[in-house]
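**Student:** Shown below is the structure under consideration.
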Amino acid sequence: MLGLLWLIPALPAAGFLALVLLNRRLDRTAAAWIGAGSVGLSALVALLVCGSFIVSPPAGDAYHQVLWTWMDVAGFAPNIGFYLDAVSVLWVLVITFVGFLIHLYSTEHMEHDEGFTRFFMYLNLFVASMLVLVLADNLLLLYLGWEGVGLCSYLLISFWQKDPQNVYCGRKAFIVTRVGDTALIAGLFLLFTQVHTLEIQPMLAAAQESFVPGSAVAVAAALLILGGAIGKSAQVPLQTWLPDAMAGPSPVSALIHAATMVTAGVYLIARTNVLFTLAPDARLIVAIVGTVTLLLAGFSALVQHDLKRALAYSTISQIGYMFLALGVSGWEAGVFHFMTHAFFKALLFLAAGVIIEALADEHDIFKMGGLRRELPAVFWTFTIGAAALAALPFVTDGFYSKDLIIATSLGSVDGNLWFYAGAIVGAFVTTLYSFRLVWLVFFGERHTEVSRRPRRRQLVPLWILAVLSVVSGLIWMPPWLAGFHPFETFLDTALPPIEFTGEYAHFAESALGALVTISVVVVGIGIAWLLWMPWRRGTHAFSESPAVRPLAAYWLGGWGFDWVYERVFVIPVKWFARVARNDLVDHVVDGIAWLNVAAWRTLSAGQTGRLRAYVAVAGFGIALVLAVVVLR
Amino acid sequence: MASVSLDHALVLAAILFAIGFAGLLTRRNLIVVLACIEIMLNAGGLAFVAAGARWGQADGQVMFLFVLAMAAAEVAVGLAIAIRFRQSLKSLDVDDADEMKG
Amino acid sequence: MTILFTIAAVVAVLSTLMVVTRTNLVHALLYLVVSLFAVAVVFYTLGAPFVAALEVIVYAGAIMMLFLFAVMLLNVGADSPLRVPRLAWVGPGILVAVLLAEVVYGLTRQTQPLAGVEVGPQAVSEALYGPYVLGVELASMLLLAALIGARHVAARARDEEEAAESMERARGLSETAGEAPGQGAVDDPGRLTEEGDA
Amino acid sequence: MILLWYILIPAVAAPVAWLLGRSRPALARWTAVAGTTAPLVILAGQWITKASALQATFAARGPGPAGLVAGSWIADVKATWIGSLGISFFLAADGLTIIMLLLTFALGLLAVLASWRGITKNVGVFHLMILWTVAGLAGVFLSLDLFLFYFFFEMMLIPMYFLIAVWGHEKRVYAAIKFFIFTQVSGLLMLVAIVALVVIHGRETGVYTFDFTQLLGTQMAASTAFILMLGFFFAFAVKLPAWPLHTWLPDAHTEAPTAGSVLLAGVLIKIGAYGMLRFMVPLFPDAVHDFRTVALVLAVIGIIYGAVMAYGQSDMKRLVAYTSVSHMGFVLLGVFAWNTLALQGVILQLVCHALSTGALFIMVGGLQDRIHTRDMGRMGGLWQVAPRMGGTAMFFAMASLGLPGLGNFVAEFLILVGVWQVSHWAAVLGAVGLVFATVYALWMMQRAFQGEETHGWSFADLTKREVGMFGAMIAALVLLGFWPQPLITTARQTVTGLQEMTAASSLAQPRPTAEAGDPAAEAAAAPADDASGATSLADDEGAQQ
């Protein structure tokens, strides 16, 4: 059964090709069938393949399938091949399953859009690239998937290309991620030169032997890989593109900018964890980046007006949590949070899509309100998602995965108090902004009329994701609760287990540690209720007061990163391009030509035609010659 | 017999040549221009003869003969041109002939 | 002998100066003849009697005669105003002075006394028809070429005249105008002198 | 003898096309098509039959330079041309030449097809010029005698000059003259270097010959070698457009007719790279080693400068022209890195760049035929008017920014990996160049195709002919992106030969471990045929790593 592995990415790719070739001749339903169908089939095959992998794991808990040698140049011979192990099983299942739900949702959501086929074309290409990324057996093929998803994110963000602003956001996303990709490709060069192969498993084994832990090469390789991950997963230095990426349709935000693409960085670090174990300083940096990002994005999300931008900042924050987990070598915690996050964040985005569509494209949450009775289904599913995001204790999957991360950040071998403090504050802020959205959107009096009711094909994915957001946490219960963690044992086959060996390990693992986080969440909900629920006037006064307003505006703009990048990078390049438009070097060449013309003009002035002038010139010449001869 | 040193002769030739050249530069009448050229050629010949006299060789004088022949030919053609010059330009002023202006 | 040389030299320089400065063309040419005689004397003092004679015969005699003929032909007249205003002498003067100074400076650094032997016509003719025979042939060809060239250039004006006249005569016949062909020639001096060409 | 056909067929077809063109223009076009497809078919035949032979000769060649040089050429034609001066009519082909000829004839055909409707003015002479350029190009790639190389190098200029000067656009005469002077002056520098080389060789060995194989390895003082190398470098740097000498390219490309720019961008530029690979580096390896840092700096400047300039242009064709400057910067990087990875990357880049930039030029040409302007300011929102053209333009824009999965990425990756082993900073700056490439590619798409359709253009989408052309190029680029092995195997034997020629010099580098193994085993590992075969090659490939 495992032999069908190559079908999983091939099906969406085939879907893409079909849509490209038959573009003109397809009507809406046919395009929907091909688009959603191909991903559905791929999900089915994924289920079969991963099922057989889980039930009867192949030798060495990994299955390697090579289709053909991509190229063979003097020892550099990457294959087009797929590698399936516990990590990629998880990713494949999430991608295909969530992807299928979102395709189903899109068939309804994009109903009245004239670029319907083009939308599914890009979506299929995205799913195919993402699957290639997670299944690639060597870093070059991974890079192919990596850039493929970057391209699709550009195409999908600027899908409504009539409005230049959308295209600008798409371009910004592609260029910022491309900056990260440059670091990744430099990492590839370094790794190939050091260990002479890019196939992940042999490379990691060779690195294990040849790299001295903590040596410059190991740290450099790890940091370059981190550079690529930061670009794609929108972490601190390169996170400015994700909020603007909300210009794309909601299913795009759900699939790409919540569930799958932005977690590619997490996958890459988890996949190359050996490099990070060899470079402790690099791991430390990953943790720092994670913590800073989760705090920074958390506070920004607190003040957003636009519903989708708030969710975008929350995604950045949650991925910050995953990076924190990876940084403190809690690889499995990060991966677990990826899964749970994929479910509830996709749910939130899809629900947001329905809300925005219902209120005739109204994005500002302060103009929503009182939708509890109008869209009951959306209310319940959105609240479940928000609860999972805020990690409501025991009931939601977010609780299990985020608490595990918070515990790891304290108790694991690299954990320390600073990370723990950051994680706790982050959890508190997350609770605040998630329930802020719930209160503002669904409670209080209604501002805009509901014009369109969500149809069945939009609600079914919402309910499924809601159920998943509750259930999916139970597969890894913390030891103090029930000690039932099949997911951890499954992941142990591919990733090193979390060792709770730090000095606070005992406290972190105990129920007491969990109690702290639970109390933080409960207090957070209370405060959110106080701030945003009944006395709506109060909150306005609070956020309008002179002390808070500049701070709120600063957070609103994403801590000023955009402002800095615009000044440091964008304007100089634009200025130089405008100034040197017709090629400075060309002026040099034209200068030489002008010199000749000037010389010609001066010399020809000497030709007066008068005989005596010529004789005088001749005489002058003779005098010169004599002077040289005589006076030398 | 000739205790005159070579330099005196050459200085004389130089003076004559210089005067001829000055005339060439200043005079605008074509005939005078030709005359000045004659003076300069004559000065050249003088220098040859002086040099020949210095070493007692006949070459100096032979060269003078050639200079002489050349001067004669030059004058003949020069004057013929002067005649044509006069007819076409109705004047002998050298500056009028400047159609060759660049 | 050196006194004779210096006197002749002074005369030559003065007369050449006069050639260049005289406004009257004929006076200038006559001064030129005087300068040539002075140079002939210098040749004599340098011990080159043959060349001195030649100078007088060919240079002064033949070439100057040509000049006078030309002057007569072109009927330039006494007062040729074609002379540059006084100030115009300054530029060329300086240039010439510079040239002269350089040559004189170059020469004065080493003085060579003359051999003092006289090179008579016999030695000259031996050299002339010895190694330089080729030179003589060339000189003669040059003279021939100059002769034909001069005749052709100067004469062409007359051929055109004749062609122009025959044209007029043809036209004149057809118009039966009473004007006599000869009368036209009187008031155009240029043509008058044409008939008298040697 | 077959090599001679490659030059003769287009050369003969040229006057025929001209004569026929006088009576009926359509005939001229078909003769031109025949003149380019015939050699293409013969070459493809020779490539397939020779592919196995090529690997055989590669495996069985004798030791030492003589053995190497003799054995590594597939076929050659040698006849004395000017005996007294030692000039011989010496044609020879090996892997690299075959690839280059394939490119020449393919692009010649594309050029003719691209200007099927566009050219109406004296069609016969137009096709005469194109076929003569193709003949000249074939001559350049085949000739191994330096004088013959120079002869074709210059002969090819004249038809290209007329192509630009007669059928070009507004500033065509200025551009044509500029193009001609740039190339002519630098060509003369090369001629001086060639003659000096021959004289030095003659004085040293008494044999005055222009034959490259004998001139190889002439010993001379380092400084003279450096100067001669500079002579060659200038000629090829102008042709390649390396940074400071590139200013002729934007003008020539913008003003040339579509066919002209396709030929220019597709093949004429490649002569610079080909010349460096074939002649410059093997003849003066040590000088190249000393000159390497400067060349790398020029290349990196070229990449970034070209990209930023492309971003600044408002004329679409000029934008595409500057992208060539940027892409050729990579080639210059690869040539001076001079290890197997970089060289394979260079050869692949030459092919892929020709395809992607050629396609972009045909696209712009088609657009100009439709809306009679190249100024992107007046375009905008053309995706609604012509979605198929928009999609194709998006594809080729992605190819030119080096999207993985297409040939350009594989080439640029190989080059940068090769360059990394020589100098880290050059590879990193080259990679940064990719970011700038993204900027200009997306900027072009934004200004021309996306955004609001405000100018009320309405014109026909791609015609069948154009779809056929673009389809072929898209297929080629995707094939090269996922399976570049055939090209790599063809060029492998040349690359190894080139490196063995410079083995003695300071340029040689320890080749990565796997290559040290017996090349025959590697050559025998023919690539798997199709995509669906399951674990076919995994075992023996794995064994080799």
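**Student:** Cβ-Cβ distance below 6 Å, separation of 6 or more or different chains: which pairs start in region D:396-423 with a residue that is facing chain A (nearest Cβ under 7 Å) and over 13 Å from residue D:340 (Cα atoms) and end on one that is surrounded by 24 or more Cβ atoms within 10 Å (Cβ to Cβ) and among the acidic types (Asp, Glu)?
**Tutor:** From residues that are facing chain A (nearest Cβ under 7 Å) and over 13 Å from residue D:340 (Cα atoms), the pairs are D:403/A:147; D:404/A:147.
**Student:** Another question, then. Take residue A:274 and tell me if it is assigned to a helix (DSSP H, G or I), out of contact with any strand residue (DSSP E or B) (no Cβ under 7 Å at 6 or more places or on another chain) and surrounded by 24 or more Cβ atoms within 10 Å (Cβ to Cβ).
**Tutor:** no
**Student:** Would you please list the contacts, defined by Cβ atoms under 8 Å and residues six or more apart or on different chains, that run from a residue in region A:185-201 that is in contact (Cβ under 8 Å) with a residue 40 or more places away in the chain to a residue that is of a type in the set (Lys, Arg)?
**Tutor:** A:200/A:271
**Student:** List pairs: first residue in region C:89-110 and on the phi > 0 side of the Ramachandran plot and within 8 Å of chain B (Cβ to nearest Cβ), second residue surrounded by fewer than 17 Cβ atoms within 10 Å (Cβ to Cβ) and modelled with pLDDT of 75 or more anywhere in the structure, Cβ distance under 7 angstrom, at least six positions apart or on different chains.
**Tutor:** none
**Student:** Any chance you could count how many residues in region A:517-573 are polar (S, T, N, Q), at pLDDT below 85 and within 18 Å of residue A:433 (Cα to Cα)?
**Tutor:** Within region A:517-573, residues that are polar (S, T, N, Q), at pLDDT below 85 and within 18 Å of residue A:433 (Cα to Cα) number 2.
**Student:** From the residues in region A:507-521 that are part of a helix (DSSP H, G or I) and without any contact (Cβ under 8 Å) to a residue 60 or more places away in the chain, which one is farthest from residue A:408 (Cα to Cα)?
**Tutor:** A:519
**Student:** Taking the options A:79, A:124, name whichever one is outside the structural domain of residue A:465 (by TED's automatic domain parsing), closer than 28 Å to residue D:409 by Cα, crowded, with 24+ Cβ neighbours inside 10 Å and touching a strand residue (DSSP E or B) at 6+ places or on another chain (Cβ under 8 Å).
**Tutor:** So the residue among A:79, A:124 that is outside the structural domain of residue A:465 (by TED's automatic domain parsing), closer than 28 Å to residue D:409 by Cα, crowded, with 24+ Cβ neighbours inside 10 Å and touching a strand residue (DSSP E or B) at 6+ places or on another chain (Cβ under 8 Å) is A:79.
**Student:** So residue A:576 clears everything in (1) more than 7 Å from every other protein chain (Cβ to nearest Cβ); (2) surrounded by 10 or more Cβ atoms within 10 Å (Cβ to Cβ); (3) not aliphatic (A, V, I, L, M) except one condition, right? Which one?
**Tutor:** (1)
**Student:** Same structure again: Filter region B:61-90 down to the residues that are polar (S, T, N, Q) and surrounded by fewer than 20 Cβ atoms within 10 Å (Cβ to Cβ), then identify the one that is farthest from the other protein chains (Cβ to nearest Cβ).
**Tutor:** Filtering first and then ranking leaves B:88.
**Student:** I've got another one for you. Which members of region B:1-60 meet the condition of being among the aliphatic types (A, V, I, L, M), within 7 Å of another protein chain (Cβ to nearest Cβ), in contact with a Gly (Cβ under 6 Å, 6 or more places away or on another chain) and over 18 Å from residue C:2 (Cβ atoms)?
**Tutor:** Once the filter is applied, which keeps residues that are among the aliphatic types (A, V, I, L, M), within 7 Å of another protein chain (Cβ to nearest Cβ), in contact with a Gly (Cβ under 6 Å, 6 or more places away or on another chain) and over 18 Å from residue C:2 (Cβ atoms), region B:1-60 yields only B:39.
**Student:** A follow-up question, please. Checking the condition of a type in the set (D, E, K, R) and closer than 23 Å to residue A:290 by Cβ, which residue from A:445, A:503, A:449 passes?
**Tutor:** From the options A:445, A:503, A:449, the qualifying one is A:503.
**Student:** Any chance you could count how many residues in region A:594-621 are assigned to a helix (DSSP H, G or I), within 9 Å of chain B (Cβ to nearest Cβ) and exposed (fewer than 14 other Cβ atoms within 10 Å of the Cβ)?
**Tutor:** Counting residues in region A:594-621 that are assigned to a helix (DSSP H, G or I), within 9 Å of chain B (Cβ to nearest Cβ) and exposed (fewer than 14 other Cβ atoms within 10 Å of the Cβ) gives 3.
**Student:** Quick one: how many residues across region A:573-593 are in contact with a helix residue (DSSP H, G or I) (Cβ under 7 Å, 6 or more places away or on another chain) and in a helix (DSSP H, G or I)?
**Tutor:** The number of residues fulfilling the criteria is 5.
**Student:** Could I ask something else about it? Going through region D:289-315 one residue at a time, which ones are more than 25 Å from residue D:410 (Cβ to Cβ), among the hydrophobic types (A, V, I, L, M, F, W, C) and buried (at least 24 other Cβ atoms within 10 Å of the Cβ)?
**Tutor:** D:309
**Student:** Just for region A:187-203: of the residues that are more than 9 Å from chain D (Cβ to nearest Cβ) and more than 22 Å from residue D:423 (Cβ to Cβ), which one is nearest to the chain's Cα centre (by Cα)?
**Tutor:** A:200
**Student:** Could you name every one of the helices (runs of 4 or more DSSP H) located completely within region D:99-189 that has at least 3 residues being among the β-branched types (Val, Ile, Thr)?
**Tutor:** It comes to D:123-142, D:157-167.
**Student:** Which is modelled with pLDDT under 80, within 30 Å of residue B:7 (Cβ to Cβ) and not polar (S, T, N, Q), of C:115, C:185, C:163?
**Tutor:** When all the criteria are applied, what remains is C:115.
**Student:** Something else now. Pull out all pairs, ordered by first then second residue, where Cβ-Cβ is under 8 Å, the residues are six or more apart or on different chains, the first lies in region A:561-584 and is basic (Lys, Arg), and the second is part of a helix (DSSP H, G or I).
**Tutor:** Hits for this filter: A:578/D:312; A:581/D:309; A:581/D:312.
**Student:** Looking at (1) outside any strand (DSSP E or B); (2) under 17 Å from residue A:42 (Cα atoms), which is the only condition residue A:83 fails?
**Tutor:** Answer for residue A:83: the failing condition is (1).
A quick yes/no check of all residues on (1) modelled with pLDDT of 85 or more; (2) out of contact with any Leu (no Cβ under 8 Å at 6 or more places or on another chain); (3) more than 14 Å from every other protein chain (Cβ to nearest Cβ):
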residue	(1), (2), (3)
A:54	yes, yes, yes
A:61	no, yes, yes
A:67	yes, yes, no
A:70	yes, no, no
A:78	yes, no, no
A:83	yes, no, no
A:86	yes, no, yes
A:92	yes, no, yes
A:100	yes, yes, yes
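**Student:** Across region A:209-239, which residue is farthest from residue A:284 (Cα to Cα) among those that are of a type in the set (S, T, N, Q) and surrounded by 24 or more Cβ atoms within 10 Å (Cβ to Cβ)?
**Tutor:** A:239
**Student:** Note down all Cβ pairs under 8 Å where the first residue falls in region A:135-150 and is under 20 Å from residue A:2 (Cβ atoms), the second is acidic (Asp, Glu), and they're at least six residues apart or on different chains.
**Tutor:** A:137/A:199; A:138/A:199
**Student:** Look through region D:378-400, keep the residues that are among the small types (Gly, Ala, Ser) and modelled with pLDDT of 85 or more, and return whichever of them is farthest from residue D:361 (Cα to Cα).
**Tutor:** Among those that are among the small types (Gly, Ala, Ser) and modelled with pLDDT of 85 or more, it is D:386.
**Student:** With the condition being within 13 Å of another protein chain (Cβ to nearest Cβ) and out of contact with any His (no Cβ under 7 Å at 6 or more places or on another chain), I'd like the helices (runs of 4 or more DSSP H) fully within region D:261-344 carrying at least 2 qualifying residues.
**Tutor:** D:285-312, D:316-337
**Student:** Could you say whether any residue in region A:238-257 is assigned by TED's automatic domain parsing to the domain that holds residue A:305 and under 21 Å from residue A:328 (Cα atoms)?
**Tutor:** No, region A:238-257 contains no residue that is assigned by TED's automatic domain parsing to the domain that holds residue A:305 and under 21 Å from residue A:328 (Cα atoms).
The values are calculated or read from the model by the stated rules, or taken from the named source; none is laboratory data. Since the structure is predicted, the reported quantities are computational estimates derived from the model, not experimental observations. For neighbour counting, all protein chains shown are included, and Cβ atoms are generated from backbone atoms with ideal geometry for every residue, glycine included.
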